[in-house]
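The values are calculated or read from the model by the stated rules, or taken from the named source; none is laboratory data. No experiment lies behind these values; they were computed from the predicted model shown. Note: ideal-geometry Cβ built from the backbone for every residue, glycine included; neighbour counts use all protein chains shown. With ligands, DNA and RNA removed, areas are computed over all heavy atoms of the protein, side chains included. Shrake-Rupley method; radii C 1.70, N 1.55, O 1.52, S 1.80 Å.
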Amino acid sequence: MRQILVLLIAVTLTGCIQSGEGDPMSWYASQDGRAPKGTSVYVCHGTGCARKERVDFSAADMGRLRSILASGAGSPEKERSAMGRAVQWFEKRVAPQVGSGNDVGGFDLSTVNKPGQLDCIDEATNTTSVLKLAADNNYLKHHRVGRPKARGFFLDGRYPHATAVVVQISNSESYAIDSWTRDNGEPPEIMPLGVWFKQRPQGLQS
């Protein structure tokens, strides 16, 4: 158990806390992740992006992603909701290949390093990847994809946690799209980044 706790602290302190301003591409370098390339996404799982599974999207997959996001083209608020649906679709789409269909929201000490289980680094990276894939193909109208952000450092009573971020183009307001708190394929939490930073969620699962 002590080794697991040491690993958890190492992963979160070197991962969640070191996020900041900048282009999302710098996030991949800092977390040993891989950015989307063409129509391929490298899905992180197993804690701290320890495992990366390449998933190739077909023309039908890309059409589905485009359709989901087009449903939110009417306003920034609608597009954020559509991005949430796109994340749901993405998680369900990659689950059979990655083995993440039983991914449980939040953190459970018993699942550290377990293939198919995602921590906050995995989730923030994967959500950023699918949204970056969409942005690269001009599927987003009202937002650009930002670099994941982090909160918490134990000393303030909160454990470290990271989230994907999008920025509304019209006013530069940032929003968290946080899928870590939910089970695979469930709607991610979407809220102003400032609200997300102030949250004090319940402690680690036992």
Next on the checklist: Checking the conditions here, which among SER71, SER67, SER100 is within 19 Å of GLY33 (Cβ to Cβ) and at pLDDT 90 or above?
Outcome noted: SER100
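Just the residues that are open to solvent by 10 Å² or more (accessible area, probe 1.4 Å), of a type outside the set (A, V, I, L, M, F, W, C) and either under 16 Å from the mean Cα position of the chain (by Cα) or closer than 17 Å to ASP136 by Cβ (or both), please, taken from the stretch 68-94.
ARG80, SER81, ARG85, GLN88, GLU91, LYS92, ARG93
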Checklist entry - If you go through the stretch 72-103 one residue at a time, how many are β-branched (Val, Ile, Thr) and within 17 Å of ARG51 (Cα to Cα)? => result 2
Item to check | Matching entry among SER71, SER100 (being touching a helix residue (DSSP H, G or I) at 6+ places or on another chain (Cβ under 9 Å) and within 18 Å of THR125 (Cα to Cα)) | outcome: SER100
Checklist entry - Here is a list of conditions, (1) crowded, with 18+ Cβ neighbours inside 10 Å; (2) touching an Asp or Glu at 6+ places or on another chain (Cβ under 7 Å); (3) more than 16 Å from ALA176 (Cβ to Cβ), and HIS143 meets all of them except one; can you say which number that is? => result (3)
Checklist outcome for this item: Considering only helices (runs of 4 or more DSSP H) wholly within the stretch 21-113, the ones with at least 2 residues that are touching a residue at least 40 places away in the same chain (Cβ under 8 Å), among the basic types (Lys, Arg) and out of contact with any Leu (no Cβ under 9 Å at 6 or more places or on another chain) are 76-98
